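Below is one structure, written out as structure tokens; the observations come after it.
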Amino acid sequence: MSKRQLAMVMDLNKCIGCQTCTVACKTQWTNRNGREYMYWNNVETYPGAGYPKNWMELGGGFDAAGDLQPGVIPNLEADYGVPWDYNYDELQNGASFEPNVEPTWGPNWDEDQGAGAFPQDNYFFYLPRICNHCTNPGCLSACPRDAIFKREQDGVVLVDLDRCQGYRYCIAGCPYKKIYFNPKISKSEKCILCFPRVEQGLPPACAQQCVGRIRFVGFLDDEEGQVSKLVNKYKVALGLRPEYGTQPNVYYVPPTESPAKFDAEGKIIEGSTRLPVEELEKLFGPDVHQAIATLKAEMKKRKETGESELMDILIAYQHSDMFRLDNNYYQEVAKAAGQTPLAPVDNRYVAGKHTSTKHVMNFTHGGHAAGGHH
Amino acid sequence: MKKIATSMIAAGIAASSLMAAEAAITAVKVSGDLNNVSYSDAVWSKAKFSEVSLYPQTTIKMNDAKANELNAANTAVKAQIAAVYNGENIAFMVKWPDASMNIQRGCKTTSYGDGFAVQFAEDASNPEALPYIGMGSADREVVIHLQKAVRPSYEPNGKGDVAMQVNRNQTDLFGADLAKFDKDVAALGNFDYERSFVSQGFRSMTEIKDGSNKSSARLGYNTNNDGWEGTLTRPMKDDYVDLNQGAIPVAFAVWDGAKMGRDGLKNLSQWVSVKLEGNEGGDALIAALDASAVNGDVAAGKQAVADNGCVGCHQVEATDAANLMAPSLTNVGGYATAGYLKESLVAPSAVVVPGYNRNAHSNYMWYMEENGKRTSTMTDYSFLDAATIDNIVAYLKTLKAEAK
Ligand code: SF4
Ligand code: SF4
């Protein structure tokens, strides 16, 4: 466990599935060099197969005894989908409109399909997903090279590209399939929680750009912060699939409101709700019942009295309250480590945390450094 | 400590009485240049090929469900290995059967390459206490040369070339400037997946990147007999090892990309002895690595293993239940030397590899760590009499999946 943990809360009641977050991330990090197929941030429709396809059934994570479970590495063609393009240029010569590769799957392949029968009881909601920067990461545990590490100062989980040899066990080990194999460089890559932005006091790009203002970012131990209040004080923000045992640090406010069902004549069935609570329990565990009860109670209180701190937080008035990054904290951390704070191009991790140009072997954890090679 | 010393002296005596032991491989002395050897060189017609068996790594189980399924019924691979040396360099050729040529491709997430590796011990002065076969162990360092069949890969890291990581469409370059940009990016590609590492056990393997490694490996698939031919040539002496000895221990590993082989999913040999023709000495090493010289009663050893409750922590035979507590022994007879097996029994903490991953199996404390020193939680069996130890070692040496 790291000294502090940076966390994100996403309020699923407000996500409109606009994919602005996805694009913000993609243009910044994954539009090049073998990352083209990766979505460090994706927004999928739930219920649905998601991205990669059926990721919830691909194993990884831990069992109740704490043992890492075997997992499956998704296939580019079948499970992620090869990014494809169309032959726009040839259309003027009379060619028919064709994709350059036969699309078989891709992110949002089943967008807005959901479940149930239209119009009686169909339903779906959007589930935005990034790496959870887990407290007990399955990716880290699976790596036989010690190439994945969790930063002490904020719990961000990163791949040391210098140590990574492209074995891909991390991908099998992550139950969220949020770490990807870059076939071009034969190394694994993943969401870095925009750490170069965060260190400069800016929230991750996905959170800053979010149109629905659903994303809160802050340290879990910052009791004044909205993240900590949602997670620890009101306990309305819950980790996804907690039974995977990785202790995720992206928390979700479950969707509480959904329209009523229609009967065969198309009339509203009073008191019914389309979104089955069992589905929410499957995603967020048994605590979801208490979270929903709290949200409903606070909503009622707000309606009756006009007062509710929780509702005020969820309205998301000010970015400055939603993102508490404590910029000075990172300045102090950098200073203590003798690093240049706010370097314009951050190459501290590009060069590799564990390896300098000389091959040192100070990787054992008890302070036993076996350098000595010249 | 006293007990280990005694057992080593005993082994030393046994070794000297077995002067007739033969080295597994004889390195033939040649006079030509060995700086840049390939599998098609004429020099190999002078070499003596020996058969070396490589056994499936089953000590630890990796967490890739599909790969585990593909590798569940693995058997030994019989490689033909030869060595030549000229005093300045030494070269090895490894030929092994592989029905399919698998090359890792730069456009797939689930493609794996075939490959081979050669491992050398930094210090082989005590043949009874060589580095742990699985990438060495604390204070017993190894050097590993790896050659994999990988299509050119682009590694933009660690070379200060961050600016080259931009998508060409997102640069403000065009014309000749863009062509130069493309050329610079292409120049950063690695066209040969050949790497050298130093290692002191699982997880510690660190790539040598400062140019101090002068080795060169080649790999070619021979379609005439459906197999790979790999060569490695390296200096006799460098910063890491001095191979100018009467005999040296060398270990080999091969990977099968068709079975998603990488890292722990491989076949490996035990330390095999390589006699450098014309060099004096090395008899003790050759005797210590001679598997046929293991003396002991296999049946009595099997009984002793049962009596001492080894299956409480180890999977011993392939038919026993898998156990996360301790390394699986199902192929230990294939890749562990008798000396290592004996040492493990009488001094379990002499070699304790770090990992494979304590986080992954947090309830199985198979070692304690204090000030960087690992102490095995295994019972110290030095109280057993010498004959029983020999019997157990003889039995453990039979645990291996033979070639089909
Ligand atoms: S979500 Fe997956 S990739 Fe991210 S830290 Fe957790 S286990 Fe690792
Ligand atoms: S930008 Fe916000 S509202 Fe839009 S899809 Fe992403 S998380 Fe949902």
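Would you check if A:Ile73 is near ligand 1 (Cβ under 9 Å from one of its atoms) and either at pLDDT 95 or above or touching a helix residue (DSSP H, G or I) at 6+ places or on another chain (Cβ under 7 Å) (or both)? Reasoning before the result, please.
Numbers: near ligand 1 (Cβ under 9 Å from one of its atoms): no; either at pLDDT 95 or above or touching a helix residue (DSSP H, G or I) at 6+ places or on another chain (Cβ under 7 Å) (or both): yes.
In short, no.
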Report task. Determine whether region B:57-76 contains at least one residue that is surrounded by 16 or more Cβ atoms within 10 Å (Cβ to Cβ) and over 30 Å from A:Leu68 (Cα atoms). Result -> no
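Can you tell which of A:Lys296, A:Lys267 is surrounded by fewer than 21 Cβ atoms within 10 Å (Cβ to Cβ) and touching a residue at least 12 places away in the same chain (Cβ under 8 Å)?
The conditions single out A:Lys296.
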Report task. Look through B:Val346, B:Val352, B:Val393 and report the one residue that is of a type in the set (A, V, I, L, M, F, W, C), more than 14 Å from every other protein chain (Cβ to nearest Cβ) and under 24 Å from B:Val250 (Cα atoms). Result -> B:Val393
Report task. Report yes if A:Ser186 is near ligand 1 (Cβ under 10 Å from one of its atoms), touching a strand residue (DSSP E or B) at 6+ places or on another chain (Cβ under 6 Å) and within 8 Å of chain B (Cβ to nearest Cβ), otherwise no. Result -> no
Report summary line: Inside region A:84-115, the number of residues satisfying the requirement of being without any contact (Cβ under 8 Å) to a residue 24 or more places away in the chain and touching a helix residue (DSSP H, G or I) at 6+ places or on another chain (Cβ under 7 Å) is 1
**Report entry** Residue selected from region B:63-80 under the condition within 14 Å of chain A (Cβ to nearest Cβ) and under 20 Å from B:Gly333 (Cα atoms), by the criterion farthest from the chain's Cα centre (by Cα)
**Finding:** B:Ala72
Requested in this report: Identify, from the list A:Glu44, A:Glu102, the residue that is more than 13 Å from every other protein chain (Cβ to nearest Cβ), under 29 Å from B:Met260 (Cβ atoms) and either of a type in the set (Gly, Ala, Ser) or under 15 Å from the mean Cα position of the chain (by Cα) (or both).
Outcome: A:Glu44
Query raised in the report: Can you tell me which residues in region A:230-255 are crowded, with 21+ Cβ neighbours inside 10 Å and away from ligand 1 (no atom under 16 Å from the Cβ)?
Result: A:Leu230, A:Val231, A:Val236, A:Ala237, A:Val253, A:Pro254, A:Pro255
Query raised in the report: Within the group A:Phe219, A:Phe195, A:Phe262, which residue is more than 14 Å from chain B (Cβ to nearest Cβ) and within 16 Å of ligand 1 (Cβ to nearest atom)?
Result: A:Phe195
**Report entry** Exclusive hit being part of a loop (DSSP other than H, G, I, E, B), out of contact with any Ser or Thr (no Cβ under 7 Å at 6 or more places or on another chain) and modelled with pLDDT of 95 or more, set B:Ala21, B:Ala47, B:Ala27
**Finding:** B:Ala47
Report task. For region B:329-338, indicate whether the set of residues that are under 25 Å from the mean Cα position of the chain (by Cα), more than 28 Å from B:Ala73 (Cβ to Cβ) and more than 14 Å from chain A (Cβ to nearest Cβ) is non-empty. Result -> no
Query raised in the report: Counting only residues that are within 16 Å of ligand 1 (Cβ to nearest atom) and hydrophobic (A, V, I, L, M, F, W, C), how many does region A:94-137 have?
Result: 4
Query raised in the report: Taking strands (runs of 3 or more DSSP E) that fall entirely within region A:159-257, which contain at least 2 residues that are within 16 Å of ligand 2 (Cβ to nearest atom)?
Result: A:215-219, A:250-253
Report summary line: Filtering region B:184-219 down to residues that are loosely packed, with under 14 Cβ neighbours inside 10 Å and modelled with pLDDT of 85 or more yields B:Lys214
Report summary line: Here the residues within region B:245-272 that are part of a strand (DSSP E or B) and under 14 Å from the mean Cα position of the chain (by Cα) are B:Pro249, B:Val250, B:Ala251, B:Phe252, B:Ala253, B:Val254, B:Trp255, B:Asn267, B:Leu268, B:Val272
Query - Residues (touching a residue at least 24 places away in the same chain (Cβ under 8 Å) and of a type outside the set (D, E, K, R)) located in region B:364-386 - result: B:Tyr364, B:Trp366, B:Thr375, B:Ser376, B:Met378, B:Thr379, B:Tyr381, B:Ser382, B:Leu384, B:Ala386
Query - Test: residue in region A:111-121 that is over 30 Å from B:Asp263 (Cα atoms), more than 13 Å from chain B (Cβ to nearest Cβ) and buried (at least 19 other Cβ atoms within 10 Å of the Cβ) - result: yes
Query - Output for region A:143-155, where each listed residue is over 21 Å from A:Phe219 (Cα atoms) and either part of a loop (DSSP other than H, G, I, E, B) or more than 9 Å from ligand 1 (Cβ to nearest atom) (or both) - result: A:Cys143, A:Pro144, A:Arg145, A:Asp146, A:Ala147
Report task. Give me the pairs, please: first residue somewhere in region A:34-59 and under 24 Å from A:Leu193 (Cα atoms), second residue anywhere and part of a strand (DSSP E or B) and more than 16 Å from ligand 1 (Cβ to nearest atom), beta-carbon distance under 8 Å, and either six or more positions apart or on two chains. Result -> A:Gly34/B:Tyr154; A:Val43/A:Tyr126; A:Glu44/A:Tyr126; A:Thr45/A:Phe125; A:Thr45/A:Tyr126; A:Tyr46/A:Phe125; A:Tyr46/A:Tyr126
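Please work out if A:Phe181 is modelled with pLDDT under 95 and either within 16 Å of ligand 1 (Cβ to nearest atom) or of a type in the set (D, E, K, R) (or both).
So A:Phe181 fails the test.
A quick yes/no check of all residues on (1) part of a loop (DSSP other than H, G, I, E, B); (2) more than 12 Å from ligand 2 (Cβ to nearest atom); (3) hydrophobic (A, V, I, L, M, F, W, C):
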| residue | (1), (2), (3) |
| --- | --- |
| A:Arg4 | yes, yes, no |
| A:Met10 | no, no, yes |
| A:Asn13 | yes, no, no |
| A:Ala24 | no, no, yes |
| A:Met56 | no, yes, yes |
Query raised in the report: Residues of region A:62-86 being surrounded by 12 or more Cβ atoms within 10 Å (Cβ to Cβ), touching a strand residue (DSSP E or B) at 6+ places or on another chain (Cβ under 8 Å) and either more than 9 Å from chain B (Cβ to nearest Cβ) or of a type outside the set (Phe, Trp, Tyr) (or both), which ones?
Result: A:Gly66, A:Asp67, A:Leu68, A:Gln69, A:Pro70, A:Gly71, A:Val72, A:Ile73, A:Trp84
**Report entry** Matching residues in region B:363-382 - criterion: being touching a Lys or Arg at 6+ places or on another chain (Cβ under 9 Å) and either away from every other protein chain (no Cβ under 14 Å) or among the β-branched types (Val, Ile, Thr) (or both)
**Finding:** B:Asp380, B:Ser382
Report summary line: A:Leu140 vs (1) touching a Phe, Trp or Tyr at 6+ places or on another chain (Cβ under 8 Å); (2) part of a loop (DSSP other than H, G, I, E, B): all pass except (2)
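The values are calculated or read from the model by the stated rules, or taken from the named source; none is laboratory data. Values in this document were obtained by computation on a predicted structure and should not be read as measured data. Methodologically, a virtual Cβ is constructed for each residue, glycine included, from the backbone with ideal geometry; neighbour enumeration extends over all protein chains shown.
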